[in-house]
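So the structure is just underneath, and the comments pick up after that.
The values are calculated or read from the model by the stated rules, or taken from the named source; none is laboratory data. Note that the structure is predicted; figures quoted are calculated from it, not measured. FYI the Cβ positions are ideal-geometry reconstructions off the backbone, even for glycines, and counts take in every protein chain you see. These area figures cover heavy atoms from the full protein model, side chains too; ligands, DNA and RNA do not enter into them. Shrake-Rupley method; radii C 1.70, N 1.55, O 1.52, S 1.80 Å.
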Amino acid sequence: TPKVYHIARWRLEKKDPAAALSEPVKPITYWIDRTVPPKYRESITAGILEWNKAFERIGFKNAVVVKVQPDNADFDTLDFGVASVRWMLNSSPQFGAIGPRHVDPRTGEILDADISFESLSSRNQRSARARIFPATSAQAWAQLLQIGQTPEALAAEGAQAAAAGHDPLRCDHGAFAAEQLDFGLEVLAARGELDPDGPEAEQFVQAYLKDVAMHEVGHTLGLRHNFRGSRIYTEAQIADPEFTQKNAFTGSVMEYAPINLPRPGERRPAPFQTTLGPYDYWVIEYAYKPVAPGDEKAELARIAARSGEPELAYGTDEDMHLGLDPDALQFDLGNDPIAFAKKRFEI
């Protein structure tokens, strides 16, 4: 490819450059908007602060900070330069969650970011989005067919849109993760293993929110999708409750991972990712590690040279688009896709 991509990153500098671990001169601060329901703030905050683990490895203490907007605040979290997380009350499901950022095109410095969660993604668990077809796709087909477009014409339009290119910054993780949440709740309820209105279902929602918060914050830190990260662990590791409580079950929270469900009768692993994967630590090191200007070229080459390590597998939107790379897929899990497919059929 003739394209060259440059990283985007916040300006992060140590207060004490000589210290092995130092607080930054100016931390990356996210404001929890007053629109976010109080019962979800803790999980969203935990998802934001999870990224501090990656920054601590490269010498930053409390690089990421979370503050809650007071109810009587005289500022809007959408003001430029105020990174935020907001809660949106749409009348029908639209996107789940998004994490846009504003970047200075001259330098690559990230100046602002405003993450939005859609309320329906967590409180509408038992809606039609749990069914076979995503609601967004079904709605689009219905609307187009109502105005006289045939399925063949729609397919042709889709092919033309694909040929025209794919927006590399588009993110559907929040909406798809909501469908996975709904699917998981329906499966476990049908088995009699979970009360959809009980406290365990609420724990599923909280875990989903932390998972999505980590993903969207990753975008606002400069990361892109990693659709190859799902291939690094075995079926046995993914199905192990102890392993999945301590580790992400893919290489990166920037993956679109399916909900991790057990076969009937098996112990239940962690359904969502609630910690960072090895790729996430590596890419933060490349983007944010403090390096003397004279050493930068050699040090970045050293970090990038690790790209062949299996746990750092990476494939993004262009690799996944139109099936160009069969290893870069959405909603697969584990290093054996046939084993994953068989497990899903059993479920």
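Below are the figures for this structure:
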| read-out | value |
| --- | --- |
| Accessible-area value, V25, 1.4 Å probe, nucleic acids and ligands omitted, Å² | 90 |
| Solvent exposure ordering (accessible area, 1.4 Å, most first) of K61, K343, K39 | K39, K61, K343 |
| Estimated Rh, segment 25-74: Kirkwood, alpha-carbon pairs, angstrom | 11.8 |
| Protection-proxy order for peptides 261-271, 2-12, 40-50, each taking the mean of Cβ atoms within 10 Å per residue, highest first | 40-50, 261-271, 2-12 |
| Packing rank of 178-190, 246-258, 223-235, 98-110, where each peptide gets the mean count of other beta carbons within 10 Å, highest leading | 246-258, 223-235, 178-190, 98-110 |
| Net length gained if the chain between A298 and A339 were fully extended (0.36 nm per residue, minus Cα distance) | 10.6 nm |
| Nearby lysines by direct alpha-carbon distance to K289 (threshold 28 angstrom, same-chain neighbours under 8 apart not counted) | K3, K14, K15, K26, K53, K61, K67, K210, K246, K297 |
| Cα Rg over Rh - segment 1-93, Kirkwood | 1.06 |
| Within segment 293-320: backbone nitrogen closer than 19 Å to the D104 label point (7 Å, Cα to C-beta) | 293 |
| Heavy atoms of K67 accessible to a 1.4 Å probe, total area in Å² rounded to 10 | 100 |
| Computed E for E235/E23 - FRET, C-beta separation, R0 51 angstrom, nearest 0.05 | 0.75 |
